[in-house]
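Report on the structure given below.
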Amino acid sequence: MTAAHWADEDLLCELGAALREEEQVEVGFIRAARMAFAWRNVDAELETLGLDAGRDLASPGRVRGTGPGSPRLLSFHGERVSVEVEVDESGMVGQLTPPGPGEVTVITAGGPQVTVATDEVGGFTLPPTSGAIRLGCTCPAGHFITEWTTL
Amino acid sequence: MGSATVVSGLVRASADGDPQAWNELVRRFAPLVLAVTRRYQLSAADAQDVSQTVWLRLVEHLDDLHTPDALPGWIRMTAQRECGRYVRSGRRTVPVDPHSGSVIQQPVTADLDGDMLRTELRQALRDGLAELPPREQRLLRLRAADPPKSYQEISDLTGMPVSSIGPTLGRCLKKLRQTHAVRTYLADDSDQRKPGRRWST
């Protein structure tokens, strides 16, 4: 077997892998990714609260329980406002800072899903949700939106 | 025009609101997002959620990509971070040792640079194949199938004499190497680690 022939086999093998790789990307992935473009320029004028990666850890002392049921802490920050959320199977318990009355909305790729009022100290509770989500927040400081994340 | 330049053009057009350009970005980079989710062993449903988050974020970051050529790296990093968060969040089903109660660590291979290069190579091969005439594409697809079709099966399917299949296949592969997409991939930079180098000459 010549080296040139071996190289042909190698190329064919990689071509096969490339074609199968493309077939394996399911239609649902492509459709969801394409639909994301509908969010172009939606809420573009709102300040985005970025996800604080360092804070996104399982609760201290709960590491043993990592798995379904253990709460997850998410922290979103902007210049004037921050939102902290603890997520578990029963839903979300959150805190808007600075504390004050306002509204928080769960938004999925399909649009706003549920809105709740915050109490006078900025606390709020939301029902369970999953998938790609973001929170919209209205408070005395204005309107804000968090980064997208996966629950 | 290099593939990096093509990607830059697609990023700019998407930022200007062109849905076709966005769809093309999705077509090119969906396999990369999927490759990252597989490294983290996410189920199909979890992978789809993470993938959607990555694309939703990208929609809002198109304007911030100061060097649009950095897009593949941005996608890979964002997918990687989101997979890491998701795995740590415990939403994913994680095996737990029944005796100690501790989480059984699953291997997460970190060869993401390798993933990137392979994703680029495979995209170049798919693009290169698309440049060939349909007859040649079909022959290559039949032979690249898993398992590959035998010369006899290819002959039955295409009507080509068995004796001519080998030489024709050789010519088709040579043409594939010479397509714009594959030449661009191999010439794009001088990274000798690129997969595919060994069959480039």
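The values are calculated or read from the model by the stated rules, or taken from the named source; none is laboratory data. Nothing here was measured: the structure is a model prediction, and the numbers come from that model. Counting neighbours? That spans all protein chains shown, and the Cβs are built from the backbone with ideal geometry, glycine included.
Do we have A:Ala53 as at pLDDT below 90, touching a helix residue (DSSP H, G or I) at 6+ places or on another chain (Cβ under 8 Å), surrounded by 14 or more Cβ atoms within 10 Å (Cβ to Cβ) and assigned by TED's automatic domain parsing to the domain that holds A:Leu96 here?
Taking the combined requirement at face value, the residue does not satisfy it.
Restricting to the stretch B:31-66, count the residues that are within 12 Å of A:Trp39 (Cβ to Cβ) and touching a residue at least 60 places away in the same chain (Cβ under 8 Å).
Number of matching residues: 0.
So, in the stretch B:1-19, of the ones that are within 10 Å of chain A (Cβ to nearest Cβ) and part of a helix (DSSP H, G or I), which residue ends up surrounded by the fewest Cβ atoms within 10 Å (Cβ to Cβ)?
Here the answer is B:Pro19.
Output the residues belonging to the stretch A:25-37 that are within 7 Å of another protein chain (Cβ to nearest Cβ) and assigned to a helix (DSSP H, G or I).
Selection gives A:Gly28, A:Phe29, A:Ile30, A:Ala32, A:Ala33, A:Arg34, A:Ala36, A:Phe37.
Tell me, please, whether a residue that is assigned by TED's automatic domain parsing to the domain that holds B:Thr37, modelled with pLDDT of 70 or more, closer than 30 Å to A:Arg72 by Cβ and in contact with a Lys or Arg (Cβ under 8 Å, 6 or more places away or on another chain) can be found in the stretch B:70-77. Don't jump to the end; show me each part of the working.
Going through the stretch B:70-77, the residues assigned by TED's automatic domain parsing to the domain that holds B:Thr37 turn out to be B:70-77.
Subset that is modelled with pLDDT of 70 or more: B:70-77.
Next, only the ones that are closer than 30 Å to A:Arg72 by Cβ stay: B:70-77.
Now drop any that are not in contact with a Lys or Arg (Cβ under 8 Å, 6 or more places away or on another chain), which leaves none.
Within the stretch B:70-77 (the criterion being assigned by TED's automatic domain parsing to the domain that holds B:Thr37, modelled with pLDDT of 70 or more, closer than 30 Å to A:Arg72 by Cβ and in contact with a Lys or Arg (Cβ under 8 Å, 6 or more places away or on another chain)), the answer is no, since none of the residues qualifies.
Being touching a Ser or Thr at 6+ places or on another chain (Cβ under 8 Å), at pLDDT 60 or above and either among the polar types (S, T, N, Q) or not in a helix (DSSP H, G or I) (or both) is the requirement here; does B:Arg138 meet it?
The answer is no for B:Arg138.
Output the residue which, of all residues in the stretch B:44-67 that are modelled with pLDDT of 85 or more and hydroxyl-bearing (Ser, Thr, Tyr), is nearest to B:Asp16 (Cα to Cα).
Among them, the one singled out is B:Thr53.
Of the residues that make up the stretch A:134-145, is at least one exposed (fewer than 13 other Cβ atoms within 10 Å of the Cβ), more than 18 Å from A:Pro98 (Cβ to Cβ) and within 14 Å of another protein chain (Cβ to nearest Cβ)?
For the stretch A:134-145, residues exposed (fewer than 13 other Cβ atoms within 10 Å of the Cβ), more than 18 Å from A:Pro98 (Cβ to Cβ) and within 14 Å of another protein chain (Cβ to nearest Cβ): absent.
Scan the stretch B:33-46 residue by residue and report those that are more than 10 Å from chain A (Cβ to nearest Cβ) and part of a helix (DSSP H, G or I).
Correct list: B:Val36, B:Arg39.
So for the stretch A:90-109 (the condition being surrounded by fewer than 22 Cβ atoms within 10 Å (Cβ to Cβ), of a type in the set (D, E, K, R), under 20 Å from B:Ser89 (Cα atoms) and away from chain B (no Cβ under 14 Å)), does at least one residue qualify?
Within the stretch A:90-109, none of the residues are surrounded by fewer than 22 Cβ atoms within 10 Å (Cβ to Cβ), of a type in the set (D, E, K, R), under 20 Å from B:Ser89 (Cα atoms) and away from chain B (no Cβ under 14 Å).
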